[in-house]
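Structure record follows, encoded as structure tokens.
Read-outs throughout are calculated quantities, based only on the coordinates presented, and are distinct from any laboratory measurement. Small disclaimer: the values here were computed from a predicted structure and weren't measured. A quick note on method: Cβ atoms are made from the backbone with ideal geometry, for glycine too, and the neighbour counts reach across all protein chains shown.
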Amino acid sequence: MNAVTETRSKHAQKHFRSLFLSDIHLGTKGCQADLLLDFLRIHDAETVYLVGDIVDGWRLKKGWHWPQSHNDVVQKLLRKARKGATLVYVPGNHDEFLRNYLGTHFGGVEVIERKMHIAADGRRFLVIHGDQFDVVVRHARWLAYFRDWAYVSALLVNTWVNRARRKLGFPYWSLSAWAKFKVKNAVNFIGAFEEALCNEAKRCQADGIICGHIHHATMHTDFGIDYINTGDWVESCTAIAEHHDGRFEIIRWADKAGERSVGPMVVDSAENAVKAA
């Protein structure tokens, strides 16, 4: 087996009916663009939903941060559209500037406020970012900005904590994830957010809701319909995949990163070698 064949066998392309990504936060230092590129090289779908906060306009207004890897993510997504995938962009609060362009298409990407996704098994899912049902974002914008600053600060602390943990041989630990489940107000906020989104889906006569915004990937039916949250690409690095039979799953890419022995740059080299041949 030659090097190209061996590399491709270790990185078998996975094809889904639909992929859902949100809260990538391109333009911030916390964005895990390299891991996302790794994910996008291996995973393809007929339809890719970008469920808000893909570009972080809030952070970019305060200071420009746009390394090459962030540009590569954009180019990779647009390349999927050129190859025939349908790309649907549902803006969130951090990329709300795109809400001025609802109903338009650019580079093969449709920009729309919400979308009713029909799964392979016939179920109807309302796809929406979810910030519209966050009372802080809607009624106290200054507090939303403060919450964003606090989250970024927590990520910075988390970075130093995990550097020390790695040196001691301990696995990755998320400060914000710990807080979400240990702080009563945070737990109550998540529950209220999920219930509000499920009620909106019921109002739209949908069988489920697919959203982002709160950086907490999960799937459940606690409120009588399917609630699916895509998570984020700042900490958890998660995506939602719909199989061709209508099944949904959470792909936790950060957890799988350590399982792969060949880096993403090797895949690129193999692909280029094939094209050159």
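One line per residue, one yes/no per condition, for (1) touching a Phe, Trp or Tyr at 6+ places or on another chain (Cβ under 6 Å); (2) closer than 11 Å to residue 94 by Cα; (3) surrounded by fewer than 21 Cβ atoms within 10 Å (Cβ to Cβ):
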| site | (1), (2), (3) |
| --- | --- |
| 26 | no, yes, no |
| 31 | no, no, no |
| 38 | no, no, no |
| 42 | no, no, yes |
| 65 | no, no, yes |
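If you go through the range 61-78 and keep only what is over 29 Å from residue 42 (Cα atoms) and either among the acidic types (Asp, Glu) or outside any loop (DSSP other than H, G, I, E, B) (or both), you end up with 61, 62. Selection over the range 27-70 of residues that are in contact with a Cys (Cβ under 7 Å, 6 or more places away or on another chain) and farther than 18 Å from residue 229 by Cα gives a count of 3.
Filtering 81, 45 for residues that are assigned to a helix (DSSP H, G or I), touching a Leu at 6+ places or on another chain (Cβ under 8 Å) and within 22 Å of residue 106 (Cα to Cα) leaves a single hit, 81.
Quick check, is residue 39 aromatic (Phe, Trp, Tyr) and in a helix (DSSP H, G or I)? Lay out the reasoning, then the answer.
On the way: aromatic (Phe, Trp, Tyr): yes; in a helix (DSSP H, G or I): yes.
Against the criterion (aromatic (Phe, Trp, Tyr) and in a helix (DSSP H, G or I)), residue 39 qualifies.
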